[in-house]
1. With n ≥ 4 as the cut-off for DSSP H runs, can you work out [θ] at 222 nm for the chain, using -39500 (n - 2.57) per run divided by the number of residues, rounded to the nearest 500?
2. What Rg and what Dmax come out for the range 329-430 when only alpha-carbon atoms are used, in angstroms?
3. Expressed in nm to one decimal, what extension gain is obtained for the pair residue 526 and residue 133 from 0.36 nm per residue of sequence separation less their Cα-Cα distance?
4. What whole-number volume per residue, in cubic angstrom, does the convex hull of the C-alpha atoms of the chain give?
5. Quick check: the distance between the Cα centres of the range 563-587 and the range 211-275, to the nearest angstrom?
6. Suppose the chain between residue 500 and residue 299 were pulled fully straight at 0.36 nm per residue; how much longer would it get relative to their current alpha carbon spacing?
7. Taking only C-alpha pairs under 8 Å that are 6+ residues apart, what is the relative contact order of the chain in percent?
8. Compute the distance in nm between two label points, each set 7 Å from the Cα along the Cα-to-Cβ direction, one at residue 558 and one at residue 216.
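Every number in this text was worked out from the coordinates using simple rules, so none of it is lab data. Remember, predicted model here, so these are calculated numbers, not experimental data. No Cβ is skipped: glycine too gets one built from the backbone with ideal geometry, and neighbour counts run over all protein chains shown.
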């Protein structure tokens, strides 16, 4: 659930980070800088106080918390703002719990590696070996546990059902996985496509192998040994922790709206509630290769393996770790994982060579920007890097076609009606300007990139941002990031704007024709004018198609635009509306009248219904009807 706003506008969840390297001839240092590292807790506090104050104010973040560990100890922790505005309860890093979203996944991967270490799991084994239901064999190669760790099982993303609205709607983990099985849309091991289902599936494998529920397993094998008494996967919160939960907020029309406790159905993927100081213990255990105090949650060898690369999405980028994202930021090896719920935004960073860890969490939608800005300021302040000057290669025009095009986020839905929500998640656009810069646009922002080797471009604004372009075995071009997020180049017939125009223009023509012909039919009826049999039926078929289309469009818009007032997402995400089956029953009926239009069109010309203009108009209506039906099929609504 993690993307930089530049690369991903869907949903509420997600930040990208990318490799930075200065080994290419066209990168010219403008000034030198020497990493200074952390100095004293007092100096760090002064620095962070200024950064948090500025960002929380501009981002409308109610509260935030931070913990930093170094050299085996808690170096600094502090809360900012209020855990609850109404009661003016200050944030306490030792007591206030935050929802950490997908940062919870690190507990899943740690559990998996524990079981691998014990010989109970094998990373290269088909996941079906461990399940009590079957993942279909869509591709020759099976999905392995390794694929789950690296977000390469090839599942499409699905948001419906990930959250539930009330406790009585919460399914068991097994039931959730069996009833929400997504389609396999990429061959396993080939495409990084971040998806929550694969992580929830890994949590279920932990249940099946250990004989414990996943939350019990984590408590017994990670939380309790580390003394993390203020951390839990349980939903709702245990009675002893509930009073200390920070309240989530939305910022609407200049006011903060209080949210409720978010319930995650596929809970291993994102349901942890924890304090910053408990998360510090988890960071210390990983930085110390599995050891914390007298406890050990992983052997030293397993921990080192877990922090190292497991797969390369592209050989020019850092490899994905065993569940950790791996990057080089400001010259430092950083493994990390972020998390976003509807209200909370979190990130955990480990700087392996500096034996330093940083945990940040916030409780408001603007907190995602706060989190990102704080970490960037931290890295630039304590681990600065030289300024660099980037210039495009002289022969860039010869490779412009490699980059130019529209790119679709692989973290999308392709086979169900959720595909329509990609319209709310704009595609990434890439063009090459006259100076040779690659202009990459996403989420309403454009950045200039410079080619640093054929197929690899780097942002001028943020040198940690790189995109690697390559052609995969399916013949498609992919733009890949250091994290498990990638974009596939759209074919001309997949262009979002093209489909929006086709559907919009065709629907408009049909609806205008509907009102025009309904008016004509009513006028003829009022005047009691005789209507030729077949010509009358031909127009009635067009009117029926138009009425069904209008009813479908209105019904679908009403269903998907029913917004939960505080969460600011459709109720549709929590569960399918009862009206949806009736709305989806309309397109198949439209097909019947589409066939009728197709049959009546040549008859209208042979029998010379109406004048030539009328017959041309009827032909256009028939064509528009089939364009609409084709679009409904494309968006999986038919």
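1. Values: 15 runs with 213 residues, N = 638.
The helix-only estimate for the chain comes to -11000 deg cm²/dmol at 222 nm.
2. According to the Cα coordinates of the range 329-430, Rg and Dmax are 18.7, 48 Å.
3. Numbers: separation 393, 0.36 × 393 = 141.48 nm, distance 6.32 nm.
Full extension from residue 526 to residue 133 adds 135.2 nm.
4. Working: hull volume 115.8 nm³, N = 638.
Convex hull volume per residue, Cα atoms: 181 Å³.
5. Taking the Cα centre of each part, the range 563-587 and the range 211-275 sit 27 Å apart.
6. The residue 500-residue 299 span can extend by a further 66.9 nm.
7. Reported as a whole number, the value is 18 percent.
8. 4.7
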